[in-house]
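First up is the structure itself, then whatever we jot down about it.
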Amino acid sequence: MAKVAMLGAGFIGDFYTFSLHGQRNRDQVVIIYSRDTERGKAFAKKHGIPRWTTSMKEAVNDPEVEVVVIGLPNNLHLEAVQVATAAKKAVLCTKPLGRNAEEAKKMLDFVEKAGVMNGYLEDLVYPPKTHKALNSVRAGAVGDVTWVRSRETHPGPHSDWFWTKSLSGGGVLLDMGCHCIEIARNYIGKNIRPVEAICWADTLVKPIEAEDNAVGLVRYENGAVGQFEVSWTFRGGMDLRDEVMGTEGTIWVNNFLRTGFEMFTAGGKKGYVAEKAESQKGWLFPVGDEVVELGYTDMFTDMFKAFENKRKPLETFYDGYVVNEIMDACYRSAVSKKWEPIRLKEWRGNKKTPKISGVRDFDKGHIFVKEETMPDGKVKIILKDKKTGKITQKIKK
């Protein structure tokens, strides 16, 4: 059982605390830090937390605290990591790790110099469906992953600081692109180096300085591509979907919005339906257990098991740093309109990864291209001659 200091009494702090005090039910938030006195008091009462404070240092240095969980606005992440590492406390930080790669690298250096356990709270690589899909990919079910498409869209975040670029560091690309990029990295393989990115980002609807829509491609050393689509202007709730395509198979995952729980109401119901739900009437798409379906329960189980067993969790500050470097390249590309290199200051994966090749021999003289059953029941095979390179077809007997 770990004793936790929760930094942040906002929406994400709620989700984190519900998860910690919920199904795992072994770890306990013993102090809450909030910059607002009344909000801190209310949060402590709501979750049964014995102490609250408006001093970050007091929360982190509480003698009971073993693990610091950062659920603060982006502009406070670096400060919180500095305070936690100075106290030699294990530290878990919400996404994105930094407002940019420079901040993220500083945070990585702080935790590694202090020698403390660190975890990057990227919940969307932990949902049960994603976990099962990742296990299938790692078992070879789809062959070599060639293309991952990840989408997160909704009407926009809850808190005002997200909409202020100086506090958040960016718009939807930073806020949600970080999810999609890390999802793709997990499917493609975190040991495979991301090399370049191209991105479109623009402000189409919201009266803000930062972008409210973005689409991008991240190319990896082996030729695989991660594609992200993110929006703060999508109407109808929150849409979380992933597609994984490989040389031997395909996976589609729908994590939110259309998950098999649909309800119609003419009268409407008062209260919370699901995260980013826009209506309480008509067709609604509730979620049975959001902290599970959004990955929080499995994420914290992994994080605290890592803390107890003195090992690294699946997502570390290094992963957060890599994601920030990819997003920095995407922002450069959105300006230049060209592919931009991903400038990793430190790479800890494979030194060199071979290009993807699905090539396999059909016989001594031919390479197999494709097999297809025709409407008449005959099976057609497309082949390439090894010597001439000519593409031919034949009917399989």
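Would you please list the contacts, defined by Cβ atoms under 8 Å and residues six or more apart or on different chains, that run from a residue in region 118-130 that is over 15 Å from Glu290 (Cα atoms) to a residue that is of a type in the set (S, T, N, Q)?
Cβ pairs passing all conditions: Asn118/Thr316; Gly119/Thr316; Tyr120/Thr316; Leu121/Thr94.
Is there any pair linking a residue in region 237-253 that is not assigned by TED's automatic domain parsing to the domain that holds Gly223 to one that is modelled with pLDDT under 95 and not β-branched (Val, Ile, Thr), with Cβ under 6 Å and at least six apart or on different chains, and which?
Here the result reads none, with nothing in region 237-253 linked to a residue that is modelled with pLDDT under 95 and not β-branched (Val, Ile, Thr).
One residue is enough: does region 80-97 have a residue meeting the conditions over 17 Å from Val30 (Cα atoms), in the same structural domain as Asp239 (by TED's automatic domain parsing) and surrounded by 23 or more Cβ atoms within 10 Å (Cβ to Cβ)?
Scanning region 80-97 turns up no residue that is over 17 Å from Val30 (Cα atoms), in the same structural domain as Asp239 (by TED's automatic domain parsing) and surrounded by 23 or more Cβ atoms within 10 Å (Cβ to Cβ).
Restricting attention to region 60-110, report how many residues are of a type outside the set (Gly, Ala, Ser) and within 17 Å of Gly13 (Cα to Cα).
Residues in region 60-110 being of a type outside the set (Gly, Ala, Ser) and within 17 Å of Gly13 (Cα to Cα): 20 in total.
Run Ala42 past the list (1) more than 25 Å from the chain's Cα centre (by Cα); (2) under 17 Å from Phe304 (Cβ atoms) and report the number of the one that doesn't hold.
(2)
Please go through region 131-161 and give me each residue that is of a type outside the set (D, E, K, R), in contact with a Phe, Trp or Tyr (Cβ under 9 Å, 6 or more places away or on another chain) and either under 24 Å from Phe300 (Cα atoms) or without any contact (Cβ under 8 Å) to a residue 60 or more places away in the chain (or both), ordered by number.
Ala133, Leu134, Val137, Ser150, Pro157, His158, Ser159
Here is a list: Val4, Val67, Val29, Val91. Which entry is under 20 Å from Tyr296 (Cβ atoms) and under 20 Å from the mean Cα position of the chain (by Cα)?
Val91
Would you please name the residue that is modelled with the highest pLDDT, looking only at residues in region 260-286 that are touching a Lys or Arg at 6+ places or on another chain (Cβ under 9 Å) and either in the same structural domain as Ile12 (by TED's automatic domain parsing) or under 20 Å from Met176 (Cβ atoms) (or both)?
Filtering region 260-286 for residues that are touching a Lys or Arg at 6+ places or on another chain (Cβ under 9 Å) and either in the same structural domain as Ile12 (by TED's automatic domain parsing) or under 20 Å from Met176 (Cβ atoms) (or both), the one modelled with the highest pLDDT comes out as Phe285.
The values are calculated or read from the model by the stated rules, or taken from the named source; none is laboratory data. Please read all numbers here as calculations on a predicted model, not as lab measurements. Positions of Cβ are generated from backbone atoms using ideal geometry, with glycine treated the same way; all protein chains shown enter the neighbour counts.
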